[in-house]
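Report on the structure given below.
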Amino acid sequence: MAAAEKTSFLTRIRAALPGLHPSERQLAEAILNFPGQLASYTATELAQMAGVSNATVTRFVRRIGYASFEEARQAVRAEQSAGTALFRVNRTTAPPEGRIARHLEQGHRNLADSLAHLNEAEIAELVATMATARRLRMIGFRAGQPFARYLAWQTIQVHADVAALPRDGETLAESLADLGPGDCVLVFALRRPHRQITALIREIADSGAALALIGDLPGLPALPARWHLPCATPGAGALFDHVGVMALCGLLASALIEESGPEGRTRLSAIEKIHDALDEI
């Protein structure tokens, strides 16, 4: 793929700004304020919104490297889908009235869409593998990191060797070097992902560790893993809604505690005994 094709929509506009004609600059500044609008506007609507001519729109999209307005619009739609918050902010914001209801309704949908499709046997197999794994590792970046940390925090109550990776100060290579058969890794693959996410997943799969992928990345089922657990994350506003991801974390942690049996209860008792001795909680 040519380097120009990899350049983001906004980067193209900012790079072109110094050489733009006044009317093109006026259009560019209007787009930079609300770039996501381009996904739903026609060329005529965009021209009217910016106060320029249709010919200016045509010249502008060609100047920033697109063959047509439609090609530029598809690029914006791709960035919206990738999760860029700036591309999800509209010029006309939704009224505050009903905001709570909209978010509640979307959260309910995401919760149902994330959990309803799960296969009981598949979840049972994953939980059993987590329970018997030599090492249990959770990996997440950006939006995925707090979920990795949360799941690690809950499961360490019944599993002695749990960690969220990468640990502070570690490189990815240092975090992954010891993985192998007998280990279990859960990766939170959420938009917008770390640039090395695909290579990371392949590296873990090649290590022989049992791998589960949790997230909303397009093409998630095609990535090499033993379990694929897609989560619905559409948002009622500019941000993605992760209520389904959190519910899945709760499901896995609770199931693992139940699966751990007498061994898990022994560890739980030891933890509570030390809590009492330290007067820690």
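Go through 9-17, 203-211 and give me the packing order, highest mean Cβ count within 10 Å leading. Please report the intermediate quantities before stating the final value.
Values: 9-17: 15.7, 203-211: 17.9.
Peptide ranking by packing, descending: 203-211, 9-17.
When a footprinting reagent is the concern and you count Cβ atoms within 10 Å, what order do THR171, THR155 take, fewest first? Can you show the working numbers first?
Values: THR171 9, THR155 22.
Ordered by Cβ neighbours within 10 Å, fewest first: THR171, THR155.
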Between the residues VAL162, CYS231, TYR150, the Cα farthest towards the positive end of the dipole of the chain, that dipole coming from +1 and -1 charges on the beta-carbon of Lys, Arg, Asp and Glu, is from CYS231
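Students often check this: by mean Cβ neighbours within 10 Å, which of 188-195, 267-274, 161-168 ranks highest, and how do the rest follow? Write down the numbers at each step before the final one.
Numbers: 188-195: 20.5, 267-274: 12.0, 161-168: 15.2.
Descending mean neighbour count gives 188-195, 161-168, 267-274.
For every helix of n ≥ 4 consecutive DSSP H residues, a contribution of -39,500 (n - 2.57) applies; sum these over the chain, divide by its total residues, and give [θ] at 222 nm rounded to the nearest 500 deg cm²/dmol. Intermediate values should be presented prior to the final figure.
Working: 13 runs with 149 residues, N = 281.
Result for the chain, helices only: -16000 deg cm²/dmol.
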Here the chain gives, from Cα atoms, an Rg and Dmax in Å of 23.5, 76
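Highest mean first, how do 176-182, 71-77 rank when packing is the count of other Cβ atoms within 10 Å averaged over residues?
Details: 176-182: 13.6, 71-77: 18.1.
Averaged packing, sorted descending, gives the order 71-77, 176-182.
Taking N as the number of residues in the range 3-88, what is its alpha-carbon radius of gyration divided by 2.2 N^0.38 Å? Before the final figure, lay out each step's value.
Working: Rg = 11.6 Å, N = 86, 2.2 N^0.38 = 12.0 Å.
Against the compact-globule rule of thumb, the ratio is 0.97.
Regarding the range 117-252, what's the average projected area of the Cα-atom convex hull, expressed in nm²? Mind showing how you got there, number by number?
Values: hull surface 32.2 nm².
With the hull built on Cα positions only, its mean projection is 8.1 nm².
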Once the dipole of the chain is set up from charges on Cβ (+1 Lys and Arg, -1 Asp and Glu), the residue from the list LEU172, ALA47, PHE188 lying farthest towards its positive end is ALA47
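Rule-based calculations on the coordinates, nothing more; no lab input. For clarity, every value in this text was computed on a predicted model and none was experimentally measured. Here Cβ is always computed from backbone atoms with ideal geometry, including for glycine, and neighbour counts include all displayed protein chains.
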